[in-house]
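Bear in mind that the values in this text are calculations on the coordinates, not laboratory data. Everything numeric in this text was worked out from a predicted model, so none of it was measured. FYI the Cβ positions are ideal-geometry reconstructions off the backbone, even for glycines, and counts take in every protein chain you see.
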Amino acid sequence: MLNAINRIQETHLVINKAIHQWCECFRDNAVAWSEYIGIPLNKARVLSKNVRCSTACDTDSETLFFYQQACTVFHRAETVNRSKRMSHALMLGLAEKYAGEDNFYVPWQGDRRMRVYVTSKLNFQGTDSTKAFLLFLEAAARGTHGLK
């Protein structure tokens with residue numbers, strides 16, 4: 001098992017410069033990529049226009065209840081989106097850190113149950129946007145029985 005972990009750790013990686021530049025462009029210009037490619041805005045942003053506190057909330061308990069319910073839904077959606085934005089910002093920061101390097105390695109570790117875990121946030125087991133940042137430095141030829 002240790003040989004397998006060492007073999008995985010020996011894999012040279014580089015940052016995908018095209019994806020990195022694309023993400024930087026959208027971050028710097030404050031453009032949501034979903035808006036750029038035509039995907040409608042998420043539910044949380046649409047909700048923000050509908051969540052308004054009317055004067056009836058002061059006297060009508062039912063109106064107040066629905067207003068609080070709408071606020072709760074909006075808050076939960078914004079919390080999820082904020083977490084995703086922070087995660088993406090972290091990955092973009094790591095990509096910037098390694099973009100100038102000729103190559104880098106991702107450390108892995110194993111446990112007593114023969115499970116293998118990656119110890120870096122920038123890895124192939126993350127989200128699709130995280131995976132897009134990584135490229136193999138050297139391509140390996142594939143034969144009829146896998147890699148040669």
Q: Would you mind classifying region 76-148 by shape? Square roots of the alpha carbon gyration tensor eigenvalues, ordered a ≥ b ≥ c; an a/c under 1.5 is rounded, otherwise it is prolate if a/b is larger than b/c and oblate if not.
A: prolate
Q | Peptide ranges 134-141, 109-116, 66-73, 14-21 listed from the most packed, as the mean C-beta count within 10 angstrom indicates | A | 14-21, 66-73, 134-141, 109-116
Q: Pop a pseudo-label 7 angstrom from the Cα along the beta-carbon direction at both ALA70 and PHE136 and give the gap in nm to one decimal.
A: 5.3
Q. How high is the FRET efficiency from LYS97 to ILE8, r the C-beta distance, R0 22 Å, rounded to 0.05?
A. 0.55
Q) Computed FRET efficiency, Cβ-Cβ of LYS121 and ARG82, R0 25 Å: what is it to the nearest 0.05? A) 0.90
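So, R0 is 25 Å and r is the distance between the beta-carbons of LYS17 and THR144; what FRET efficiency does that work out to, to 0.05?
On the way: r = 33 Å, r/R0 = 1.33.
For R0 = 25 Å, the calculated efficiency reads 0.15.
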Q: Would you kindly derive the ³J(HN,Hα) couplings of region 83-93 from the backbone phi angles with the Karplus curve 6.51 cos²θ - 1.76 cosθ + 1.60 (θ = phi - 60°), listing them in order in whole Hz, with x for Gly and Pro?
A: 5, 5, 5, 5, 5, 5, 5, 4, 5, 5, x
